[in-house]
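The values are calculated or read from the model by the stated rules, or taken from the named source; none is laboratory data. Here the structure is a predicted model, which means the values were calculated and not measured. Cβ sites come from the backbone with ideal geometry, for glycine too, and all protein chains shown count toward neighbours.
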Amino acid sequence: MGNGHDAFPLPEDMKSAFACIVTLRRERAFQEARALLAPLLERAPDHPRLLTEFGNIHYREGDYPAAERIFLRALKVAPHYETAAASLCMLYAHTGRRAEAAAFASRILAAEPQDPLTWYTLGIVYAWRREWEQSLEYSLVAVAMKADFADAHYNIACAYAQLGNAADALGHLSRGLANYGLLRQAEKDPDLHPLRGYPEFEKIVEHARERLDKEEPN
């Protein structure tokens with residue numbers, strides 16, 4: 001987001017490790033992600049990007065109170081860090097705190113209307129509220145702004161699947177699985193359940209597995 005990564009750059013010698021941490025978190029390898037993140041936080045305990053990623057790990061682990069505390073700490077250090085605000089917005093939506101989620105959704109939309117991450121975040125918020133038409137509308141804006149936004153394509157696939165449009169769901173799922181971190185999620189995601197009877201679904205998932213196997217180091 002505009003008041004996100006570019007506003008709070010990491011030192012050059014942290015960037016490679018940080019990229020690995022994000023990948024590990026997406027693959028649910030939380031212990032390994034924590035191990036890589038710990039020395040970075042020791043060096044820069046108040047860096048908003050590091051704090052937000054630490055909060056994201058807690059959030060993905062289901063430790064919502066800890067995640068909330070860390071996101072709020074990031075925002076105390078950097079009040080206009082909209083990436084932390086977006087993460088907090090999604091946490092509130094996921095845990096049923098609709099008023100707080102709505103407040104943060106309004107905040108990030110006002111602050112960053114030209115950022116595809118803003119629209120993706122709103123799409124996720126409405127997906128968790130099971131308001132699929134609204135989720136789809138926001139997610140489509142995200143991919144209109146950034147055509148290769150794999151996570152947004154994945155959310156669109158879920159929305160279309162839940163709305164009964166299998167053809168469009170499968171098309172977007174293929175693009176969503178360009179983010180290999182979503183592969184494990186796709187294999188079990190209940191939001192994609194309406195697609196599981198389609199041979200094309202299995203082909204898309206298998207193709208993503210094959211591509212991942214080729215790119216992983218031996």
Scanning region 94-118 for residues that are under 16 Å from residue 142 (Cβ atoms) and surrounded by 18 or more Cβ atoms within 10 Å (Cβ to Cβ), the one modelled with the highest pLDDT turns out to be 116
Exactly one of these conditions fails for residue 136: (1) without any contact (Cβ under 8 Å) to a residue 12 or more places away in the chain; (2) crowded, with 19+ Cβ neighbours inside 10 Å. Give me its number.
(1)
Could you list, in sequence order, all residues of region 101-121 that are of a type in the set (A, V, I, L, M, F, W, C) and touching a residue at least 24 places away in the same chain (Cβ under 8 Å)?
101, 108, 111, 117, 119
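So which of 186, 159, 142 ends up being small (Gly, Ala, Ser) and either modelled with pLDDT under 95 or within 27 Å of residue 214 (Cα to Cα) (or both)? If you could, list the steps in order and put the result at the bottom.
Numbers: 159 fails: either modelled with pLDDT under 95 or within 27 Å of residue 214 (Cα to Cα) (or both); 142 fails: either modelled with pLDDT under 95 or within 27 Å of residue 214 (Cα to Cα) (or both).
Sole residue among the options that is small (Gly, Ala, Ser) and either modelled with pLDDT under 95 or within 27 Å of residue 214 (Cα to Cα) (or both): 186.
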So is residue 110 in contact with a helix residue (DSSP H, G or I) (Cβ under 9 Å, 6 or more places away or on another chain) and small (Gly, Ala, Ser) or not?
no
